[in-house]
Amino acid sequence: MPRRGDGNACHDSASPSGGRGAESLDCIGGALGAVYERPRIRMPPDIPSSAIHPEVARTRDDMVALRRHLHAHPELGFEEFATSDLVAERLASWGYAVHRGLGGTGVVGQLRLGEGPRRLGIRADMDALPIQETTGLPYASRHAGKMHACGHDGHTAILLAAAQCLARTRGFDGTLNLIFQPAEESLGGGRRMVEEGLFEQFPCDAVFALHNMPGFPVGRLGFRSGHFMASSDSVYLTVRGKGGHGSTPHLTQDPVVAAAHLVLALQTVVSRNVDPRDMAVVTVGAIHAGSAPNVIPDEVELRLSVRAYRPEVRQALRERITELARVQGEALGVVVDVDYHWRYPALVNHDGPTRFAREVARQVFGQEALLDDLQPLTGSEDFSFLLEACPGSYLIVGNGEGDHHATGGCSPHNPGYDFNDAALPVAATYWVNLAEQFLSSRYRSCLPWTEASA
Ligand SMILES: [Zn+2]
Ligand SMILES: [Zn+2]
């Protein structure tokens, strides 16, 4: 998920981090097997402590320590073995019925209270990225080349904090399904969970998820109905020619020159073929060819990232890119193989659930906490697969401003990124309130957003 704005130059050297003290920590239950300094987080001054759920506030230090444990022990997509063990153990200890194995390492914790017919899903992602961390934090990754650089450690800790609170306060009437998903980053863990029967085994009337967002202050929550994130597809073009000596280009079919023409021709897809009122992106992110100045290679590989909001545009991009590859190849005497990978569909928030989710935030944190001018993002997110199968909404929570991990403003996927622990009690409080309101006995005969017409 991209950062708001365009910066990508986080300070990534070790440095003092605001509010992160150096006292020794009582290890949480001994289960985490590691000792970090006691987490001390400083709430932004404009978030009244009364807005934080008292039960969330009570467990806050434990949950921050757990988040930092996850941060120190990142696991890549579909390899979240220790993470899913920890999640499953925690959920079971709080009385949840725990199901494992959907999507490989996926975990679903279910808690039913009362006779309420409503069923709610809340999803968190658990996976890390293949990045070498450079924060220098005491709880920095202990796994070389792996890092929680997108804050999924925070998302998991948030949902666990809410799970603990909801199990203790028991303030709802219905079925709560907490979905801990593997492999959000590129590998489509969300798709796998859906394909393997997530909503058949755990039917939900609505499903919600959140993502931290550097660039916005902690305590802000953003909602948007309709298109919120783009589809994301990958295209591999192989330009096949006939290599030879660099001194005799007339005896070759040069794939390098053909690839260069193709790169420029691809720039016309968005500018000339897509309606200017639609969003589309065609990025050539990689070119691989050759090895020496005097050798014309046999082939060149191009790797493209292709994005859109509307499925019609997504389909049109595929057709135009495929056609351009063919005709450019013919014109320049080479063959272009097209390997087109549909990856994530656009993320489209449903209107009713989004209005409901926004109203919960307004009631809990006040109007000033809402980010109402949220623009759609060109990043992608595989929660889109869940939203294709079930009504719901995806929201963002501010991770902090600036450009340093200490303030939460560093861009995700940067080696200097860190989830901002100050956002944890805010987001956990939000999930608790959303669950209690969605699964309220008030809505026995209707969904919350249809209350007026029920
Ligand atoms: Zn990410
Ligand atoms: Zn992410």
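The values are calculated or read from the model by the stated rules, or taken from the named source; none is laboratory data. Not measured: the values here are computed from a predicted model. As a convention, Cβ positions derive from the backbone with ideal geometry for all residues, glycine included, and neighbour counts pool all protein chains shown.
Values computed for the structure shown
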quantity	calculated
Entirely in the stretch 50-128, the strands (runs of 3 or more DSSP E) that have 1 or more residues that are of a type in the set (Val, Ile, Thr) and without any contact (Cβ under 8 Å) to a residue 40 or more places away in the chain	97-100
Of all residues in the stretch 354-383 being in contact with a helix residue (DSSP H, G or I) (Cβ under 9 Å, 6 or more places away or on another chain) and within 13 Å of ligand 2 (Cβ to nearest atom), the one that is nearest to Val282 (Cα to Cα)	Glu381
Residues being in contact with a helix residue (DSSP H, G or I) (Cβ under 8 Å, 6 or more places away or on another chain) and either closer than 15 Å to Gly101 by Cα or within 13 Å of ligand 2 (Cβ to nearest atom) (or both) - total across the stretch 194-217	7
Qualifying residue in the stretch 295-304 (condition: over 22 Å from Thr248 (Cα atoms), loosely packed, with under 13 Cβ neighbours inside 10 Å and either of a type in the set (Asp, Glu) or at pLDDT below 95 (or both))	no
Selection count where residues are buried (at least 24 other Cβ atoms within 10 Å of the Cβ) and more than 16 Å from ligand 1 (Cβ to nearest atom), scope the stretch 140-157	1
Top-ranked residue of the stretch 163-181 - restricted to ones that are among the aliphatic types (A, V, I, L, M) and within 19 Å of the chain's Cα centre (by Cα), ranked as surrounded by the fewest Cβ atoms within 10 Å (Cβ to Cβ)	Leu178
Subset of the stretch 134-186 [touching a helix residue (DSSP H, G or I) at 6+ places or on another chain (Cβ under 9 Å), in a loop (DSSP other than H, G, I, E, B) and either closer than 17 Å to Val108 by Cα or within 15 Å of ligand 2 (Cβ to nearest atom) (or both)]	His148, Gly151, Pro182, Ala183, Glu184, Glu185
Search result, residues across the stretch 201-223 that are aliphatic (A, V, I, L, M), closer than 17 Å to Gln375 by Cβ and either surrounded by fewer than 24 Cβ atoms within 10 Å (Cβ to Cβ) or within 16 Å of ligand 1 (Cβ to nearest atom) (or both)	Met213
Qualifying residues in the stretch 244-274 (those that are among the polar types (S, T, N, Q) and either surrounded by 16 or more Cβ atoms within 10 Å (Cβ to Cβ) or not assigned by TED's automatic domain parsing to the domain that holds Val306 (or both)) - the one nearest to Glu330 (Cα to Cα)	Gln253
Within the stretch 334-369, considering residues that are among the hydroxyl-bearing types (Ser, Thr, Tyr) and crowded, with 21+ Cβ neighbours inside 10 Å, the one nearest to Glu185 (Cα to Cα)	Tyr344
Residue check for Leu386: under 20 Å from the mean Cα position of the chain (by Cα), within 29 Å of Val64 (Cα to Cα) and aliphatic (A, V, I, L, M)	yes
Members of the stretch 250-273 that are in a helix (DSSP H, G or I) and under 14 Å from Gly290 (Cα atoms)	Pro255, Val256, Val257, Ala258, Ala259, Ala260
Ser234 vs. criteria part of a strand (DSSP E or B), touching a residue at least 24 places away in the same chain (Cβ under 8 Å), surrounded by fewer than 17 Cβ atoms within 10 Å (Cβ to Cβ) and not aromatic (Phe, Trp, Tyr)	yes
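So that you can scan it fast, the table gives a plain yes or no per residue for (1) more than 14 Å from ligand 1 (Cβ to nearest atom); (2) modelled with pLDDT of 95 or more; (3) touching a Lys or Arg at 6+ places or on another chain (Cβ under 8 Å):
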residue	(1), (2), (3)
Asp382	no, yes, yes
Phe385	yes, yes, yes
Cys390	yes, yes, no
Val397	yes, yes, yes
His405	yes, no, no
Gly408	yes, no, no
Ser411	no, no, yes
